[in-house]
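Coordinate-derived values only; no laboratory data. Values in this document were obtained by computation on a predicted structure and should not be read as measured data. All Cβ positions, glycine included, derive from the backbone under ideal geometry; neighbour counts span all protein chains shown.
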Amino acid sequence: MAATKETMEILYNCGTLFIILGLPFFLSGTVGLIRFPDIYTRLHALTKADNVGLGCIVCGLALQSGSWAVTAKLLLIWLLVLVASSASCHLIARSAMQKNIEPWTRS
Amino acid sequence: MIRDHHVPRGSTLFDVNRHSFLRILVFSAVWWVLTGSDISSWIVGIPAVLIASKLSLMLSPPSQCPLSLLGALHFIPFFLYQSFRGGIDVMRRTLLRQQLLDPGLVSYVTILPRGSARIFFVNTISLLPGTLSAKLDENQVTVHTLDRGMPVWANIQALEYHVAALMNISTQKKNCL
């Protein structure tokens with residue numbers, strides 16, 4: 001990419017911003033894993049928060065890379081992680097249902 | 001209600017070629033993304049792409065309803081926005097001192113046909129705010145929700161509509177042919 005030094009700098013800083021934005025999502029995913037009461041609610045925390053966190057970090061790294069090939073590779077990684085995590089999340093929840101694990105309820 | 005699609009018997013040679021060509025193109029793009037501009041990597045890449053295309057055609061035969069470009073243009077922003085909302089929602093519930101949980105199970109009957117559309121739908125439910133697909137029985141999806149006060153039904157219905165548009169599936173009785 002033919003870009004001047006200044007635009008590169010701006011892109012790099014935007015990337016850093018995105019990466020910083022992604023970190024609290026990972027933190028909340030982990031906090032949810034510890035704090036939430038049962039297997040189903042923990043799955044919620046892990047899949048959703050981590051996917052958004054990874055999305056932000058992928059965006060940030062893509063902006064910093066300054067290359068289309070690296071951007072495409074990062075997007076492919078994110079897509080594969082999305083597919084893997086939603087499918088495994090569903091499979092874990094399904095096997096919990098088959099074992100008759102009752103969801104925690106507020107009562 | 002939507003009937004299941006049947007792949008027509010005796011599809012013409014042209015159709016088969018078009019589908020294989022598309023898959024070869026997609027897998028070649030994936031290989032290029034993985035290896036970069038290294039030309040010698042194609043010594044391994046060409047056989048890998050051909051085998052992957054053949055396997056994918058065997059495991060998931062081309063459906064009659066191809067992806068709709070317009071549907072994809074609607075689906076991608078919808079999906080990104082919803083998953084971002086999902087992340088914010090989980091963050092709010094985990095990090096606040098008092099726990100805002102009222103989980104429960106919700107049952108939903110989908111009109112999407114069995115096959116890739118239904119599986120795609122079930123997998124994306126888990127990425128929406130507050131919902132997680134826990135079981136799929138024929139056309140009945142059991143959804144676990146973090147908060148029974150959320151408009152779970154409306155959210156899932158919106159997603160179903162977007163998936164139908166993406167897969168070119170009419171929500172009326174008429175099917176795409």
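For segment B:43-132, the list of trypsin sites (Lys or Arg not before Pro) that fall in a loop by DSSP and count at most 10 other C-beta atoms within 10 angstrom reads B:R97. Here the dipole of the protein assembly as shown is about 460 debye; that uses its Cα centre as origin and unit charges on the Cβ of Lys and Arg (positive) and Asp and Glu (negative). Can you tell me the FRET efficiency between B:S107 and A:L33 if r is taken as the Cβ-Cβ distance and R0 is 25 Å, rounded to the nearest 0.05? For R0 = 25 Å, the calculated efficiency reads 0.40. Helical runs assigned H by DSSP (4 residues or longer) give the protein assembly as shown a calculated mean residue ellipticity at 222 nm of -21500 deg cm²/dmol, each run adding -39500 (n - 2.57) before division by the residue total. The mean sequence distance of close C-alpha pairs (under 8 Å, at least 6 residues apart), as a share of the length of chain A, puts its relative contact order at 32 percent. Peptides B:148-161, A:35-48 ranked from most to least packed, by the mean per-residue count of other Cβ atoms within 10 Å: A:35-48, B:148-161.
From the Cα gyration tensor of segment B:13-59, with a ≥ b ≥ c the square roots of its eigenvalues, which class applies: rounded if a/c is under 1.5, or else prolate if a/b is larger than b/c, or else oblate? Here segment B:13-59 falls in the prolate category. Rounded to the nearest 0.05, the FRET efficiency derived from the C-beta distance between B:E138 and B:L70 at R0 = 41 Å is 0.90. Once the Cα atoms are used to define both axes, helix B:13-35 deviates from the longest principal axis of chain B by about 70 degrees.
Model label points for B:I119 and A:E6, set 7 angstrom from Cα along the Cα-to-Cβ axis, are 5.2 nm apart. For chain B, the residue among B:G71, B:Q140, B:G86 whose Cα projects farthest onto the positive side of the dipole built from Cβ charges is B:Q140.
Judged by the gyration tensor of its Cα atoms, with axes a ≥ b ≥ c, the protein assembly as shown is oblate; a/c meets the 1.5 cut and b/c is at least as large as a/b. Put in order of Cβ neighbour count within 10 Å, fewest first, the listed residues A:I20, A:I92, B:I169 become A:I20, A:I92, B:I169.
Determine the shape class of chain B: with a ≥ b ≥ c the square roots of the Cα gyration tensor eigenvalues, call it rounded for a/c under 1.5, and otherwise prolate if a/b is greater than b/c, oblate otherwise. Because a/c hits 1.5 or more and a/b fails to exceed b/c, chain B counts as oblate. Once the Cα atoms are used to define both axes, helix B:152-166 deviates from the longest principal axis of chain B by about 20 degrees. For the protein assembly as shown, DSSP calls about 90 percent of its internal beta bridges antiparallel. When B:H19, A:H90 are sorted by how many other C-beta atoms sit within 10 angstrom of their C-beta, beginning with the fewest, the order is B:H19, A:H90. Inter-part distance, segment B:84-142 to segment A:39-88, computed on C-alpha centroids, equals 18 Å.
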